[in-house]
Structures are given as structure tokens and as C-alpha cells.
1. Write down the radius of gyration of region B:22-70 and its Dmax, each obtained from C-alpha positions, in Å.
2. In whole Å, what is the distance between the alpha-carbon centres of region A:135-211 and region B:175-206?
3. Between 0 and 90 degrees, rounded to the nearest ten: what's the tilt of helix B:200-214 against the longest Cα principal axis of chain B?
4. Going 7 Å from Cα along the Cα-Cβ axis for the label, what nanometre distances separate residue A:31 from the same residue across the other copies?
5. What residue among B:57, B:111, B:206 shows peak mean-square fluctuation when chain B is described by a Gaussian network model with Cα springs under 10 Å?
6. Can you grab the distance from the C-alpha centre of region A:300-318 to the C-alpha centre of region B:287-343, Å, no decimals?
7. Per DSSP H run of at least 4 residues, take -39500 (n - 2.57); add these up for chain B, divide by its residues and hand me the 222 nm value, nearest 500 deg cm²/dmol.
8. What Kirkwood Rh does region B:40-183 have if only Cα atoms enter the pairwise 1/r average? Answer in Å.
DNA sequence: CTGAAAGCGCTTACAG
DNA sequence: CTGAAAGCGCTTACAG
């Protein structure tokens, strides 16, 4: 005997009703006589019937699932506690609205391949620093989406923070402490040609730094200012510190573009017996929980990570439901400078 | 003009070919003349065609997606770093095998509702301590699944750790340090009637504890032994400490069933100016990264969280591919006792 | 209160 | 190398 799938027709046959009735029994049981429903449910149980999600989706044109489109491999992404918080925000909305969440990393190295294949009602796109056709593919797909922490597009909804403002404030803090030899450790962008070719949040943070430097008649090209790119990991931060500390002209402050990088810098400084902030100041960006636990605790820019996730998902759910305020949704959230123990006056040499 | 979806038929019409050819152009382009493929792809681009995932799934009977069935709300689950690690393990396999990952928490409070609705090729079920029909629903659904950290079922594949062994070793360590007043802080089960009614990992850990106590002619009911249940959060741990410290007969050691709870205990101990391990010893279970960073660093049982995720996903992928070793897959992984700074000799009173 | 029929948008033997 | 046709398993107006 072939182990054929039990279908709705099988249940209908067994209960001596139509497929219509079976469908109604599961989805709209109050439109059927009570006895009929009972009869159908019994038949379904006896046969071990379980509805087919794909068929239902095809018919109803809904999946009740949100997609999170990621620019990197899943295990890499989850290394950064940032994403855990972001996921929590999205998760709150999903829960409340009854959506499941599909994590969709690049397939065979390409986001373009995952966009048309994911069975979702809408996408949250996170960290698309450099659009290489993804936005067009998303538009072609014809379902709502929001860009988060990404390069901006005029006609595409987005949720972001004021990266530039945050970084300007942070550098202002360091400059006012007398720091003039500053290393800026950015998140690797994978582009050539230095910061001129950056995009998205990394570029905006750099612009904030530039603005702050300018107010002291300095620039990224000034003596004493170093700009470098590392992967957004603890290891990346540690490597950055080692490289910078090996220079003959050491910086008095290291500005990391993310907390996880800054924590790596602290690790390496501790290993090298370099006192923070006496010998060197270190700053982060994000305000992860770890930033306040570290020793010394980390001066950083707080951004509302969870809120970002929640708002992006809320917007998406609204769009899916058909709210037409869609096109011009650009949300920009504010940041807060938190001065803790990892920054102090520039050491006098 | 109606904004109708662009379908494969539209592309076929425009390119003057059949739907078959269009499908082939996208999925098997080498079976078509090069010129035909080019022609079709152009037509598709002009029309902005994007294939329909639901239709493809219905036809091919594949979703290329794994489901992670969760016993709690998404945002609650992600509060525990345990899950981040577990997800990383699953993520590795998903990545390698080309699957996306669907996070499927209970819908409207019930896992039973999410099981038949998720468009996945298989489920990883995590932390199903107490089966209330979920296993039957899963079997009825007719796709492969693995139980992780769950109540055991003879004919259902599972991946777990040796909870009992780990906890026995841990209590052995404390007993050998002279502790005789021990509080056991378990993870809330939601069942009535104390540990006799527990199931799954929590029960197995308790059994390990009982075995260790027995070797010193003690039992959970002995003088000095307290058993209590709290939510698996830092706050839960803090509350447990406060309650225990308020007793007239204070314990000399607190055994938490998870690191996150133990870290909460340490928080509260610090707040109360109670010295660990001089005044009280504290132990965890899991060995999260945080366990070695905390001060004092935490004595705990290491379990291979990431490996568990990876193995569960690997098994699932194999089952989906049709490997028939399915029914009798029961994997049990070992644990390791890590003695750090949070445990010491029982204080003499 | 229940059923017959259409159709969601694909893929895949099969035939030529 | 390409196409006609069947069919995956549902839901939903519509009719009675």
C-alpha cells in the first residue's frame, strides 16, 4: 500500500460530506451544523489528517510569516548580541500579530536568490549597507518590505537611527577630553577606496565623526587620525588594538563603530596590560548589555535596538494589512551618549 | 487597470513560449536553447516577474525551510543567551544545506496550532518538557522532527544531554566541599505537586541531584535541602536568592538549574553584600559565555549547546532527504563539570 | 446548512 | 529542443 498523504478529499469521503464542509469545519465551524462538524473532525482524527500549509498559502495568498533578510550567514549574524536584541523586538510584534518569523540568510552567497523563494508576507531587511540589486528584487517580488540599518532609498520605507548625530556627539566627548590622536575602527564594508566609498550606517557614522573633527579644524586625513576597517566581531576589535598599539605613534583614543568591536579592543588592551582609560580611551556604539558589565564599563552610544525591530515589524504588519501610508515611511530614531569608565582625559606624553 | 500579479503564463505569452519553457528557463536552463532562455529571461525582467513560493512548494512538496518549534514567546526565549547559541548551531547546518529557518512560537498560546500551519520540511522541537499532544500532532503532520531538551518518547528521535550525570557530578562537588545545607533552584515547570511531577530535563537533573544526595544518605526531603522553582531568567535567580537569604536557616550553597538563574543569584548576592563563595557557594548549568565573565566566575556544568543545535538540524536534513535510520535516533551528549570561583568550602557557623 | 466548481501558480512526466 | 496536460491540496464565491 502506497503511503499516500491524507487529503481533505479523503476526510470528506469518510465523513460523507464535501470538501467545502471539511474546510469549513476547520476554518469556520460556526457556519456548519454542530453534528456535521463533530462528524468531520472525527473522520479527520481517524485518518490522521493534517492540512497542507503550501496549498492553503497558495489559495489564500497569505503565509502569516514575516521574513528577516540577513546580509550574512546565520551563525555569524547571531554572534553579535545586537541581533538577539533586534530579534526580540521583531519577536514581540510577531507574537502579538500572530506571525511566525523566517530567518533568511543569503542562499549560496546571494541574497538575490533568497528573495524570490521565501514564503513570507513581507520582509525586514537588516544591514543592507550596499544595495546590489536587492531592493529591485524586493520591489519585483511585490510584497511589502522595510529597510533597517541600510543604505537609504527615497521611495523605500526604512527604520534607522541617527548614526551621524550619535557619532558626532561621541567624538565631541573625546575631543573635549583633549584627545587629538584618535583611531577610528569602522565595520568592514567590503568596498575598496576607503570611507569615500562607504554607504549606509557606516558612512553616516563616519560623516558624524568628520563633522566633529571639523569643528576642531581636523579631518580624517589629519595627523594623528587613523581610519581602519575590521569585521564586526570581538576578534576584529582585538586585532585592531594590536595593530594600533604596534604603531610608533599610538592613538590616545580608539573609537569603535560597534560595542562588540570595542569589547574586543578592551580584551586586547587587558592582555597587553594597557590601562583603560589612563593610557588609552575606548568607545563603542550600540549599548549592548555587555557594555555596562565590561571592566572598565564602556562609554558608548545607546541606540534603541529592540524598538527598531519592533517598529520595523509593526510597519510591515500594517503594510501587509493594506495600510497605504507605505511609500513615505522613513523613521529615524535618536541616540544617547553614555559616558562610562572607558574614557578619560588624554594622557600627557 | 487591475494590478494583477505577473504570472508565469504572462511571461510565456510575452516570450511566445509555453509555461513549461518559462519554468525550465528558471530551474533547468541548460535543457533549453540558449536563445530561448535569453528571450524568456528578458520577457520576465520586462514584466517584473517573480515566481510564487507557495505554488512552487505545493507542486514540489518541498519548502527548503526548517522549523524551530518553541514552547514560549519569541522575545522571552531570546532573553536567554542559551538560545542564541542553540540557534547558531542550527544556523550552521541550515546554511550548509541551503535551508532557511522558521521560528515558530506558540500561536494564540498553543503550540498545537502552529504545528499544522508552518510551511517547513521538518521541525526541531526545543524544550518540550511536558508533552500535551504536541508529539501526536507532529506525527500526524507527517514530516520529520527531532525533540531537543524534551520529555523522551520511545519512538521519537531526540538529541539531549546527560542531565542526570551532570547534576550528580555537580552535587558531588558541593557535598565534597562539605555543603549540607543546599538549595536547589529549578526551572519553573508549571506543574503542581513538586518534583515528583516534573518531566524532561528538569526531572533528569533532579534525579541526578537525588542520586548524589543519596550517596550521603540524604534526600530532597532531608533537613537543610530546599527545592524551589523560578522562571528561567536573571530576575528569577535574584528573587530566589532573596527568598533563601531571608530564611532563618540559610543554605550554604545554591544550585541553579541554569546559568542565567545562577547569574541572577550572583547579582542579588552582590546587592546584599554577601560574599561568594566565602558565605555561600553558587553553581549554574549550561556554561554560557557569561559564566566565565561573571565575578566571581561561575562553577557550572558545560553542555555542548551549539553542537546540540547542529546535530538536531543535521539529523533533520538527513530525514528529509529520506535516510530511514529515522525511528531509533536517540543522541545523548556528555557534560563537563567546570569548577571556577563561585564555589568553595562550606562556611563553618 | 451544504455542495459543485473554479482556480490559486507552479512543475513534471510524457510525447513529439 | 519545446509544448499540452495533468495535478499538487486547498478556499471561496455562488447557488440551492
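1. Considering region B:22-70 through its Cα atoms, Rg and Dmax are 14.4, 49 Å.
2. If we compute the Cα centre of each part, the gap is 49 Å.
3. 20 degrees
4. 4.0
5. B:57
6. 32 Å
7. Here the helix-only value at 222 nm equals -13000 deg cm²/dmol.
8. Result for region B:40-183, one decimal place: 18.0 Å.
A short reminder: the numbers here are calculations on the coordinates, not readings from a lab. Since we're looking at a predicted model, the values are computed, not measured. For neighbour counting, all protein chains shown are included, and Cβ atoms are generated from backbone atoms with ideal geometry for every residue, glycine included.
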